[in-house]
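These notes are about the structure you will find just below.
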Amino acid sequence: MPKRSESYMLQRREEVLDALARCIRKKGITDTAMTDVVRESGMSTGAVYSHFRSKDQMLLALIERNTLRFDSGFFFERFASSTDFWEIIDHCLARYRAAKGLALGVLTMELMGLARQDAKIRAQFLSSLQAWRSFLARAVALLPEGKAVIARPELLEALVGGQLAVLNDLDRQILLGVEADTAAARRQIELLVVGAQAQATAPGR
């Protein structure tokens, strides 16, 4: 059998991770088994195990991939090609409107539970959260007064923290089984943005 190229193997590895992500969306983290990933990927059992020896190893790789994509600007470029702050926010909110079956909040709770038990997953989870904060901070730079906000770290932290709190509230809504009120969430973020920009450009600053 001819030797597989490195690019081919990397592509197949990505396909396994994509299959894992689809399984998690359908069944959740806890109820997803390696056999589910094998079936979803369309690969043989041996092919999947040649990339990952266990579900935990796959999960770590999936979290790491998402973190690296945030760090590299992958999401920033993909979801905001027009370099517009509100396009980024609207995309973030759209994922809550599209949430079906297992809620994003449930998946987050499952992941947090695993993070408490496994130091490696915990470290990667915290890294992913930091990458998410950095992603939102980069988006702030696209606001009309974004540079002025960034020049004041306390304002930037308050704005990013406020946005995360709004998104976390949507997670809680879904976790409780109610429809996420993304319209109200957008209004809350608008108020946060207006307040931050007003403070950043206030006379004497």
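Only the coordinates and a few stated rules stand behind these numbers; no lab work does. The structure displayed is predicted, hence computed values, not measured ones. Please note: Cβ atoms are built from the backbone with ideal geometry, for glycine as well, and neighbour counts cover all protein chains shown.
As an exercise, use a Förster radius of 30 Å and the Cβ-Cβ distance of Ala202 and Lys120 to find the FRET efficiency, rounded to the nearest 0.05. It would help to have the intermediate numbers written out before the result.
Values: r = 45 Å, r/R0 = 1.51.
Step by step, r from the Cβ atoms, then E = 0.10.
Looking at region 1-53, I'd like the Rg to Rh ratio, where Rg is from alpha-carbon atoms and Rh is Kirkwood's inverse mean 1/r.
Values: Rg = 11.6 Å, Rh = 11.4 Å.
Taking Rg over the Kirkwood Rh, I get 1.01.
Starting from 0.36 nm per residue, how many nanometres of slack lie between Met9 and Arg152 once their C-alpha separation is accounted for?
Working: separation 143, 0.36 × 143 = 51.48 nm, distance 4.54 nm.
My answer for the length gained is 46.9 nm.
Evaluate E = 1/(1 + (r/R0)^6) for Asp84 and Lys27, where r is the Cβ-Cβ distance and R0 equals 41 Å; express this FRET efficiency to the nearest 0.05.
After rounding to 0.05, the efficiency reads 0.70.
For region 1-53, what relative contact order do you get, as a whole percent, if you take Cα pairs closer than 8 Å and at least 6 residues apart? The partial results should precede the final answer.
Working: 22 pairs, mean separation 18.0, N = 53.
Averaging sequence separation for qualifying contacts and normalising by length gives 34 percent for region 1-53.
How many Å³ per residue does the convex hull of the Cα positions in region 23-69 occupy? Could the numbers behind the result be given before it?
Values: hull volume 3.7 nm³, N = 47.
In region 23-69, the Cα convex hull volume per residue is 79 Å³.
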